[in-house]
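The values are calculated or read from the model by the stated rules, or taken from the named source; none is laboratory data. Being a predicted model, the structure only gives us computed values, none of them experimental. As a convention, Cβ positions derive from the backbone with ideal geometry for all residues, glycine included, and neighbour counts pool all protein chains shown. All accessible areas refer to the heavy atoms of the entire protein, side chains included, with ligands and DNA or RNA removed. Shrake-Rupley method; radii C 1.70, N 1.55, O 1.52, S 1.80 Å.
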Amino acid sequence: MRRVGVWKGTAVFTFASTLVAFAVTGISLELAGLRHGAIGYLIALACSLTIMPTMMVALLSLIKRLDEAEYELYRLARTDELTDLPNRRALFEAAVQPLQTETAVALLFIDIDHFKRVNDTYGHRIGDIILCRVAEAIDAQLSTHGLLCRFGGEEFAGLLYDTPSADARDIAEALREHIQRTPITVGEHTLYITLSIGVATAANARQSRITTLIDHADQAVYKAKSAGRNRIHLAPTA
């Protein structure tokens with residue numbers, strides 16, 4: 001319905017209904033033995049061109065709205081409300097195809113350091129703004145490599161396609177450095193944010209699972225935070 005459109009659909013249905021009306025009129029006139037068939041065809045044409053378009057516009061408009069509502073529900077179910085990034089469900093769905101290949105794949109588990117302190121110091125409203133700004137900055141750095149999602153709270157997960165271990169480490173380190181040296185200003189407050197990043201990789205994506213990558217990356221980010229934060233930690237290659 002989104003491909004055809006209301007007016008094109010109405011034209012097609014009107015044309016088809018006109019042909020059907022002519023066929024029915026012809027059969028009826030033939031069975032009734034009437035000679036002045038032109039009047040019958042004119043009546044059939046008039047009905048098709050006046051009644052059918054109105055009915056079809058209403059019906060197809062309703063179908064179009066239902067299609068749009070269905071698409072919006074699909075999008076909302078896979079989008080984080082605050083950051084507008086894909087959510088955890090979208091990550092699991094996006095991982096299906098890459099994990100069916102034999103290329104290398106990587107997962108970055110990204111945690112904003114001391115974010116609770118930000119909320120406690122500046123309030124949750126400013127905290128939400130900072131979270132969104134950080135999400136935008138991370139997404140801008142990773143968008144050419146794969147998919148970034150908000151995993152929950154101040155945690156993000158970046159799925160990197162066709163990315164071997166060394167490249168994943170370099171991407172994570174470049175991201176960490178970029179965020180560290182980029183101040184975020186909200187009103188009169190200017191903050192420098194740092195990240196702890198856990199990196200999990202698989203040399204052959206087909207032999208791995210997204211849940212395994214998440215577990216390894218989660219353990220790696222925990223080690224990065226335990227070692228002092230604002231650093232990356234690379235999990236053993238799966």
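Below is a table of values for the structure above.
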{"quantity": "Region 135-145, residues that are under 18 Å from Arg88 (Cβ atoms) and either touching a helix residue (DSSP H, G or I) at 6+ places or on another chain (Cβ under 8 Å) or free of Cβ contacts under 8 Å to residues at least 24 places away in the same chain (or both)", "calculated": "Ile138, Leu142"}
{"quantity": "Residues satisfying the stated conditions in region 113-128, i.e. closer than 22 Å to Asp84 by Cβ and either surrounded by fewer than 17 Cβ atoms within 10 Å (Cβ to Cβ) or touching a Gly at 6+ places or on another chain (Cβ under 9 Å) (or both)", "calculated": "Phe115, Val118, Asn119, Tyr122, Gly123, His124, Arg125, Ile126, Asp128"}
{"quantity": "Search result, residues across region 131-171 that are in contact with a Gly (Cβ under 6 Å, 6 or more places away or on another chain), among the hydrophobic types (A, V, I, L, M, F, W, C) and open to solvent by 40 Å² or more (accessible area, probe 1.4 Å)", "calculated": "none"}
{"quantity": "Residues satisfying the stated conditions in region 86-111, i.e. open to solvent by 10 Å² or more (accessible area, probe 1.4 Å) and charged (D, E, K, R)", "calculated": "Arg88, Arg89, Glu93, Glu102"}
{"quantity": "Residues of region 201-225 satisfying the condition of being small (Gly, Ala, Ser) and assigned to a strand (DSSP E or B)", "calculated": "Ala202"}
{"quantity": "Extreme residue, least open to solvent (accessible area, probe 1.4 Å), among residues of region 177-187 that are within 17 Å of Ala224 (Cβ to Cβ) and either touching a strand residue (DSSP E or B) at 6+ places or on another chain (Cβ under 9 Å) or without any contact (Cβ under 8 Å) to a residue 24 or more places away in the chain (or both)", "calculated": "Ile179"}
{"quantity": "Sole residue being part of a loop (DSSP other than H, G, I, E, B), out of contact with any Ser or Thr (no Cβ under 7 Å at 6 or more places or on another chain) and of a type in the set (Gly, Ala, Ser), chosen from Gly198, Gly158, Gly228", "calculated": "Gly228"}
{"quantity": "Members of region 75-103 that are assigned to a helix (DSSP H, G or I), under 16 Å from Leu148 (Cβ atoms) and without any contact (Cβ under 8 Å) to a residue 12 or more places away in the chain", "calculated": "none"}
{"quantity": "Complete set of residues in region 106-134 that are acidic (Asp, Glu) and closer than 16 Å to Ile197 by Cα", "calculated": "Asp111, Asp113"}
{"quantity": "Failed item in (1) under 30 Å from Ala205 (Cβ atoms); (2) modelled with pLDDT of 95 or more; (3) not charged (D, E, K, R), with Thr103 passing the rest", "calculated": "(2)"}
{"quantity": "Filter result for Arg150 (at pLDDT below 95 and in contact with an Asp or Glu (Cβ under 6 Å, 6 or more places away or on another chain))", "calculated": "no"}
{"quantity": "Residue match in region 104-119 (condition: among the small types (Gly, Ala, Ser), closer than 23 Å to Thr237 by Cβ and not in a helix (DSSP H, G or I))", "calculated": "yes"}
{"quantity": "Flag if Ala174 is among the small types (Gly, Ala, Ser) and either open to solvent by 10 Å² or more (accessible area, probe 1.4 Å) or more than 18 Å from Leu234 (Cβ to Cβ) (or both)", "calculated": "yes"}
